[in-house]
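The values are calculated or read from the model by the stated rules, or taken from the named source; none is laboratory data. Quick caveat, the model's predicted, so the values are computed rather than measured. Here the Cβ positions follow ideal geometry from the backbone for every residue, glycine too, while neighbour counts run over all protein chains shown. When the accessible area is computed, the model is the full protein with side chains, heavy atoms only, and any ligands, DNA or RNA have been set aside. Shrake-Rupley method; radii C 1.70, N 1.55, O 1.52, S 1.80 Å.
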Amino acid sequence: LLSLCYTEEAAVIVSGLKNTDVFVGESATFTCELSHPGVKNVQWWLDGSPLHNNFVTEISEQDGMIHTLTLNDVACHDSGTVTFRAGSLISSAKLLVKGILLLE
């Protein structure tokens, strides 16, 4: 008989964040997949600052396992380290926002 009672300690990161390069004004999306739902205290960070759901920062989850962060209309100063934390699990990746050089 399979038990459907998971403990937070049993959760692992199946697929972590990937380094992402985008141009100024584009969107950057980061996805982290957990082995099962129900992990508490999920939080996203950019360079140590906690992120919250708003029109620029879209935070979503699917089936409680696939957690997605989309940063819209990024600027050069958004470059940094994106960190996903769920309980004791942590995944990080670099965001590099590239400027567009206008050649005359």
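What to note about this one:
- Among (1) open to solvent by 50 Å² or more (accessible area, probe 1.4 Å); (2) of a type outside the set (Val, Ile, Thr); (3) in contact (Cβ under 8 Å) with a residue 60 or more places away in the chain - the single one Pro50 does not satisfy: (3)
- Being open to solvent by less than 50 Å² (accessible area, probe 1.4 Å) and either free of Cβ contacts under 8 Å to residues at least 12 places away in the same chain or not β-branched (Val, Ile, Thr) (or both) is a property that Gly64 has.
- Hits in segment 67-90 (condition: within 15 Å of Phe30 (Cβ to Cβ), over 9 Å from the mean Cα position of the chain (by Cα) and free of Cβ contacts under 8 Å to residues at least 60 places away in the same chain): Leu71, Asn72, Val74, Asp78, Ser79, Gly80, Thr81, Ile90
- Per-region count, segment 18-33, residues under 12 Å from the mean Cα position of the chain (by Cα) and either of a type outside the set (A, V, I, L, M, F, W, C) or within 16 Å of Ser88 (Cα to Cα) (or both): 7
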